[in-house]
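Every number here is computed from the coordinates shown, using simple stated rules; none is lab data. Since we're looking at a predicted model, the values are computed, not measured. Glycine gets a Cβ as well: all are built from the backbone with ideal geometry, and neighbour counts include every protein chain shown.
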Amino acid sequence: MANALVTRSLSKSFGACVALDKVSIAVREGEMVALLGASGSGKSTLLRHLPGFVTASSGDIEVLGRTVQSDGRLLPAVRDIRSRVGFVFQQFNLVNRLPVIVNVLIGQLHQTPWWRSLFMRFTDEQRGTAIAALAAMGIEDTSWRRAGTLSGGQQQRAALARCLVQGARLILADEPIASLDPESARRVMELLQSLNRNHGCTVVVSLHQVEFAIRYCQRTIALSSGRVVFDGPSSELTPEALAALYGSNAQHLFRPGSNPVMAPDPGSYALSASAGT
């Protein structure tokens, strides 16, 4: 199976601070991988390098078989590559004053003639696709509400609907559940898992909480101080293994009162249009 993304000796420094230190990883097409680490470990920095939002100090990145950047230089193909990469932000990245359906349709701007995109004029077919995506996320009833009136969990699901409409082959989710309550976090992770299993999207999701990595991702890549310290089955992330990797910082990777070893919930595998708000 081909690789969806590859980094080779990727390094990034901000002055004297080393954010990424020779990170080399490969994620195969169709995988759902957790990117685990405490705050400041380099998770968000790594994710933002992959679509070329940030340029590296050194190293190379390939996404979907094409080079995004090499030794700090973005290549011309980056714009086309970004059209096939969905990025989910922690703070949702929606335009609060616009209706939810318009926020979702923004995912199709790269397929829309410039004169239509300039005035946000979408076809009936595009609107139908957006409503279907919102239905798959369980929030079709919010289509014409202003995005700013939605709950955090609903906004994150609208962001996932935008990825679905975009036709993204690779979804990069930067701590998408960090600001959500436990129930909303569970629903968002289930939807990411369903996008992976039912739509064939490769998913890389950065997380603070190890129990979500174990429950929803077969593989975990763990970072500490900008270095890869673990890359293997999530089932091997026992408290003892995490303590060996992170020392006293391991406690920050568990939600208080959580069970770090959780079996996958069979009901989480399929998209459900009946999910609550």
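Placing a pseudo-label 7 Å from each Cα along the Cα-to-Cβ vector at residue 55 and residue 151 gives an inter-label distance of 4.4 nm. Note on residue 90 and residue 244: the extension gain reaches 52.6 nm, defined as 0.36 nm multiplied by sequence separation minus the Cα-Cα distance. Here the Karplus curve 6.51 cos²θ - 1.76 cosθ + 1.60, taken at θ = phi - 60°, turns the phi angles of the stretch 141-147 into couplings of 6, 9, 3, 9, 7, 5, 4 Hz, with x standing for Gly and Pro. Across the stretch 2-15, rounded Karplus estimates of 3J(HN,Hα) from the backbone phi angles (6.51 cos²θ - 1.76 cosθ + 1.60, θ = phi - 60°) give 6, 7, 7, 8, 9, 10, 10, 6, 6, 10, 8, 10, 10, x Hz, Gly and Pro being marked x. For residue 29, the residues 5 or more places off, or on other chains, whose built amide H falls under 5 Å of its own are 2, 3, 4. With R₀ fixed at 35 Å, the C-beta to C-beta distance from residue 132 to residue 13 puts the FRET efficiency at about 0.20.
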